[in-house]
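Engineer: Below you'll find the structure I mean.
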Amino acid sequence: MVAMDRTTLKDAVFPDCPIRNILARISDKWSLLVLYTLDKAEKKVMRFKELQREIPDISQKMLAVTLRTLEEDGYIIRTAYPEVPPRVEYALTDRAHSLLFHVNALIGWALENGEAIMKDRKKKVGKA
């Protein structure tokens, strides 16, 4: 199986599979967390440092890469203001809001089923 990185436009083995192409970009460690953080922001617009404060374990480089990827795929809008010092703000697009509707449903499902899943995992580990 060939893994997709952030710069790959299509999966080499399954180039027409929409789920692989989309999941490869949003299922990394940070993308959904960044989208979720922007969604939960009170003012619905955040600056880079605000995002970094809300997600303290993400490096500056990884946040920049993640924001760039999300912008390329149309999930966020980056607005740069010609000021000194420069001001850049990030906001969700309608596409991101439509995705987050499903992500929030998944979070709800995880909350409902998480405890039972953890119990099943412990059973499996005990048998190994």
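The values are calculated or read from the model by the stated rules, or taken from the named source; none is laboratory data. Keep in mind that this is a model prediction, so the values were computed, not measured. Neighbour counts are summed over all protein chains in view; Cβ atoms, including those assigned to glycine, are modelled from backbone coordinates with ideal geometry. SASA here: full protein model, heavy atoms, side chains in, ligands and nucleic acids out. Shrake-Rupley method; radii C 1.70, N 1.55, O 1.52, S 1.80 Å.
Results for (1) modelled with pLDDT under 95; (2) surrounded by 11 or more Cβ atoms within 10 Å (Cβ to Cβ), shown as yes or no for each residue.
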site	(1), (2)
Phe48	no, yes
Gln60	no, no
Ala64	no, yes
Ile76	no, yes
Ala80	no, no
His97	no, yes
Lys119	yes, no
Lys127	yes, no
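Engineer: Still on this structure, please answer the following. Identify, please: which residue in the range 10-43 is open to solvent by 50 Å² or more (accessible area, probe 1.4 Å) and among the hydroxyl-bearing types (Ser, Thr, Tyr) and is, among those, modelled with the lowest pLDDT?
Structural biologist: Of the range 10-43, the ones open to solvent by 50 Å² or more (accessible area, probe 1.4 Å) are 10, 12-16, 18-20, 22-23, 27, 29, 32-33, 36, 40, 42-43.
Filter again for among the hydroxyl-bearing types (Ser, Thr, Tyr), leaving 27, 36.
On the way: Ser27: 88, Tyr36: 93.
Per the criteria, the residue is Ser27.
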